[in-house]
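J.: Submitted below is the structure of interest, expressed as structure tokens.
The values are calculated or read from the model by the stated rules, or taken from the named source; none is laboratory data. Predicted, not measured: the structure shown is a model, and the values here were computed from it. Cβ atoms come from the backbone with ideal geometry, glycine included; neighbour counts cover every protein chain shown. To get the accessible areas, we keep the full protein, side chains included, count just its heavy atoms, and leave off ligands, DNA and RNA. Shrake-Rupley method; radii C 1.70, N 1.55, O 1.52, S 1.80 Å.
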Amino acid sequence: MTTFDRRKHILKLVRENQSMKVIDLARLLDVSEGTIRNDLATLDEEQQLLRVRGGAVLREESPNQVWQPPSRIDLNADVKVRIARWAAELIENGDSVLFDDSTTVLRMASFLKDRRNLTVVTNGIEVARALAENTSNTVILIGGILGADGVSVKGTLAEKFLKELHTQRAFVTCSGFSLETGLTETDIHQAHIKAQMIRSAEKTIALIDSSKFGKLGLTPFASTKDIAHIFTDSNVNPQIVEQLYQDGIDLTVCEENTVSSFTLRDKQLTHYRIGFANLDEISAFSIDVRRGLERAAKDASNIDLIVADNQLHGEVALRIADDLIDRGIDLMIEYQIDQTVGSLLMNKFRQADIPVIAVDIPIIGATYFGTDNYNGGFGAGQALGEWISRQWKKRLDGLIVLEEPRAGALPASRIQGQLDGLINVIGSIDESIIYFLDSSNMLEVSQEAMLHLLATLTDKHHLAVLPFNDEAAIGALLATQQVGREADVIIVGQGADRRVREEIRREGSRIIGSTAYMPEKYGGKLIDLALKILRGEPVPPAVYSDNVFIHAGNIEVYYPQH
């Protein structure tokens, strides 16, 4: 199970980045380089990726990779992947969308695997096939004449079908784009279909790599006023960016290491550029924080947001800091795991006279925003103690604590809160039965550490688990399932992220609940705090987010299923 999950994660990283180095995979997954080499060798044998010196790259005909027409596969492939990744962020569970048949849209399918209950309408056969693999989706393939390339449908039948539909968004590409002419196509039939897609959708999102700017296709199919949002790459002309501002079109520029979001400027407000370095782009919690921040920045109407990924690594955070300082940000929102580099980061920003908000992991000199770790932990510990009192009559053979030492003293108080809450209910615990493990903020590491410990506790059947976060909680659960000992443990979580919420809803789950810190609500509060700092208004040294312990009895109140 551990090996399977790790290799699945490796494939995800290679697909998103087109290639990965052994040294980077080992660091991200916190395993040895030898383990990664073995994984890559196996995945190469299975033809899921291509092993190269020092790492791995995508295999063109991998069974787990979406198919792409050979004639177009190498045209700005890396740029299209970046555009596809960030455009996919606009799509949420239950959305209805129109997709054209382009290779850029086809790549979006790889980034929609975790979405559920989508209604997808497309004229792209391979797009339809890729999205239909998720059985919760409803995929509607437009009828019409099959093109000679065998990948798309066109003709008047398709246009008539589209006239009867209404969706939330249409995602389209083009052969060329100019501010004067708008979106153009070389194929008249495709232009007619895309024009009808735009008429059938509330909003149109155009995916345009910078090579298309300034070019003209045979026929136009949409003007700039028809477009709500454009995704492009960093080679776009700055003058075009400024004009798109004036035309009221949201713009996302997908760079190699960062992504910048530009929204319509409210001329009555002072405009700011804010940098955000996220903890990672793997864990559900940090992704929810980033998504909430993007929504709040857009709603503010006077913020350009530049997003980067710290990848759970202090050295990466330092490189990102240098890049964002060079780009002239007005304020930094820093979310990174390694407390030991906090002073180095703060020194860089202080020298550049850039104020900093530190998310969840405090940095001396920065305004802190995040959880009340101790109280959030205490409530979870109490809930665990109450369950142990009812179900096990306060018997406890072992208490497993999954820590993250890099995070420092403040997040460590979350663990202390859980311990104190548990002891408050069941009484003192013999220190000899408390086991501290390093979860490294990653599911795979937690799972591996838990497996090793369980192998030494074969005669223990009343084991409680207190984790640093939900990634660690899920890792512990998977370890018990792997060795058939799920009934021996009881677990609480910290974060109440999407995966743990699904687990809490599962009847008989050994994760009885999790403290919700509402990462989806971080964004609005962070932007409010940032604007106060930028306006010179006084702010407290620490601002805390709300938390509540989520369990089967109240989950529908806080996170209702639609």
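J.: For A321, state whether it is under 26 Å from L466 (Cα atoms) and at pLDDT 95 or above.
T.: Answer is no for this residue.
J.: Related question: Between a first residue in the stretch 21-33 that is modelled with pLDDT under 85 and a second residue that is among the small types (G, A, S) and part of a helix (DSSP H, G or I), which pairs have beta carbons less than 6 Å apart while being 6 or more apart in sequence or on different chains?
T.: Partner pairs satisfying both residue conditions: E33/A26.
J.: Considering only residues of the stretch 418-435 that are closer than 13 Å to A464 by Cβ and touching a residue at least 40 places away in the same chain (Cβ under 8 Å), which is surrounded by the most Cβ atoms within 10 Å (Cβ to Cβ)?
T.: Only one residue fits best here, namely Q418.
J.: Restricting to the stretch 405-449, name every residue that is among the aliphatic types (A, V, I, L, M), assigned to a helix (DSSP H, G or I) and at pLDDT 95 or above.
T.: Once the filter is applied, which keeps residues that are among the aliphatic types (A, V, I, L, M), assigned to a helix (DSSP H, G or I) and at pLDDT 95 or above, the stretch 405-449 yields L419, L422, I423, V425, I426, I433.
J.: Related question: Pick from T119, T103: which is touching a Pro at 6+ places or on another chain (Cβ under 8 Å) and in contact (Cβ under 8 Å) with a residue 24 or more places away in the chain?
T.: After applying the criteria, what remains is T103.
J.: Within the stretch 369-398, track down each residue that is open to solvent by 10 Å² or more (accessible area, probe 1.4 Å) and within 16 Å of S413 (Cβ to Cβ).
T.: Matches in the stretch 369-398: D372, Y374, N375, F378, G379, Q382.
J.: Also, quick follow-up: Among the residues of the stretch 299-322, is any under 28 Å from D114 (Cβ atoms), part of a helix (DSSP H, G or I) and in contact with a Pro (Cβ under 9 Å, 6 or more places away or on another chain)?
T.: The answer is no, given that none of the residues of the stretch 299-322 is under 28 Å from D114 (Cβ atoms), part of a helix (DSSP H, G or I) and in contact with a Pro (Cβ under 9 Å, 6 or more places away or on another chain).
J.: Hey, could you check the stretch 292-313 for residues that are small (G, A, S) and touching a residue at least 40 places away in the same chain (Cβ under 8 Å) and say which is surrounded by the most Cβ atoms within 10 Å (Cβ to Cβ)?
T.: A297
J.: Looking at (1) of a type outside the set (D, E); (2) in a helix (DSSP H, G or I); (3) surrounded by 22 or more Cβ atoms within 10 Å (Cβ to Cβ); (4) under 26 Å from the mean Cα position of the chain (by Cα), find the lone condition where I325 falls short.
T.: (3)
J.: Now a separate question. Collect the residues in the stretch 251-276 that are part of a strand (DSSP E or B) and open to solvent by less than 20 Å² (accessible area, probe 1.4 Å), keeping them in residue-number order. If you could, list the steps in order and put the result at the bottom.
T.: Of all residues in the stretch 251-276, those part of a strand (DSSP E or B) come to 251-254, 258-262, 272-276.
If the condition is that a residue be part of a strand (DSSP E or B) and open to solvent by less than 20 Å² (accessible area, probe 1.4 Å), then L251, T252, V253, C254, T258, V259, S260, I274, G275, F276 are the ones that fit.
J.: Only one of (1) within 17 Å of F99 (Cβ to Cβ); (2) of a type outside the set (S, T, Y); (3) open to solvent by less than 10 Å² (accessible area, probe 1.4 Å); (4) in a strand (DSSP E or B) is not met by Q168, so which one is it?
T.: (3)
J.: So, in the stretch 45-84, how many residues would count as being at pLDDT below 80 and either charged (D, E, K, R) or farther than 22 Å from R6 by Cβ (or both)?
T.: 18
J.: State yes or no: is S286 polar (S, T, N, Q), in contact (Cβ under 8 Å) with a residue 40 or more places away in the chain, open to solvent by 20 Å² or more (accessible area, probe 1.4 Å) and in contact with an Asp or Glu (Cβ under 8 Å, 6 or more places away or on another chain)?
T.: no
J.: Test A516 against the criterion of being touching a strand residue (DSSP E or B) at 6+ places or on another chain (Cβ under 7 Å) and surrounded by 24 or more Cβ atoms within 10 Å (Cβ to Cβ), and give yes or no. Don't jump to the end; show me each part of the working.
T.: Details: touching a strand residue (DSSP E or B) at 6+ places or on another chain (Cβ under 7 Å): yes; surrounded by 24 or more Cβ atoms within 10 Å (Cβ to Cβ): yes.
So A516 fits the description; yes.
J.: Looking at the stretch 154-176, which of its residues are touching a residue at least 40 places away in the same chain (Cβ under 8 Å) and touching a helix residue (DSSP H, G or I) at 6+ places or on another chain (Cβ under 8 Å)?
T.: Selection gives L162, R169, A170, F171, V172, T173, C174, S175, G176.
J.: Which condition from (1) closer than 26 Å to E403 by Cβ; (2) surrounded by fewer than 20 Cβ atoms within 10 Å (Cβ to Cβ); (3) touching a helix residue (DSSP H, G or I) at 6+ places or on another chain (Cβ under 8 Å) is the one that D330 breaks?
T.: It is condition (1) that D330 fails.
J.: Looking at L453 and the list (1) surrounded by fewer than 16 Cβ atoms within 10 Å (Cβ to Cβ); (2) in contact with a strand residue (DSSP E or B) (Cβ under 7 Å, 6 or more places away or on another chain); (3) part of a helix (DSSP H, G or I), which single condition is not satisfied?
T.: It fails just one condition, (1).
J.: Of the residues that sit in the stretch 333-349 and are part of a helix (DSSP H, G or I) and in contact with a strand residue (DSSP E or B) (Cβ under 8 Å, 6 or more places away or on another chain), which one is surrounded by the fewest Cβ atoms within 10 Å (Cβ to Cβ)?
T.: Taking the candidates together, the pick is M346.
J.: Further question on the same structure: One residue is enough: does the stretch 41-48 have a residue meeting the conditions surrounded by fewer than 17 Cβ atoms within 10 Å (Cβ to Cβ), closer than 26 Å to Q482 by Cα and in contact with a Leu (Cβ under 8 Å, 6 or more places away or on another chain)?
T.: yes
J.: Go through the stretch 122-153 residue by residue and tally those that are part of a helix (DSSP H, G or I), open to solvent by less than 40 Å² (accessible area, probe 1.4 Å) and free of Cβ contacts under 8 Å to residues at least 60 places away in the same chain.
T.: 3
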